[in-house]
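Notes to accompany the following structure.
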Amino acid sequence: MTVYLDEDPAFGARLREERERLGIEVHDLGHLGGKPVNIQKRYEKGTATIPIRYLQAIALRTDISIQYVLTGKR
């Protein structure tokens, strides 16, 4: 099975890690990114592709490290 870069489930795990590091609730991050909680949960589980517009929205509204989410490096 081919895993495309934007479908890497590790993105979701790192997104959840960053959200938890900052003490943000799952529904609050979804709201900040303009997504309902069920979509936010799918992003974090790695079952949905995370759109760039969503990443831009949360980058503007939080201290989540988008670089870490994408690369795993701080």
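If the Cβ limit is 8 Å and pairs must be 6+ apart or interchain, which residue in the stretch 55-74 that is on the phi > 0 side of the Ramachandran plot pairs with which residue that is loosely packed, with under 15 Cβ neighbours inside 10 Å? So the pair list comes out as Gly72/Ala10. Output the residues belonging to the stretch 18-47 that are closer than 20 Å to Gly72 by Cα, over 10 Å from the mean Cα position of the chain (by Cα) and of a type in the set (Gly, Ala, Ser). Matches in the stretch 18-47: Gly23 only.
Total residues in the stretch 44-59 satisfying the condition of being exposed (fewer than 15 other Cβ atoms within 10 Å of the Cβ) and within 17 Å of Glu25 (Cα to Cα): the figure is 1. Considering every residue within the stretch 4-27, establish whether at least one is on the phi < 0 side of the Ramachandran plot, of a type in the set (Gly, Ala, Ser) and touching an Asp or Glu at 6+ places or on another chain (Cβ under 6 Å). Yes, that holds for at least one residue. Checking the structure you have, find out if any residue of the stretch 33-43 is over 16 Å from Asp8 (Cα atoms), of a type in the set (D, E, K, R) and surrounded by 16 or more Cβ atoms within 10 Å (Cβ to Cβ). For the stretch 33-43, residues over 16 Å from Asp8 (Cα atoms), of a type in the set (D, E, K, R) and surrounded by 16 or more Cβ atoms within 10 Å (Cβ to Cβ): present.
Any read-out appearing in this document is the output of simple, stated calculations on the displayed coordinates, not a laboratory observation. Here the structure is a predicted model, which means the values were calculated and not measured. We place every Cβ from the backbone using ideal geometry, glycine too, and count neighbours over all the protein chains shown.
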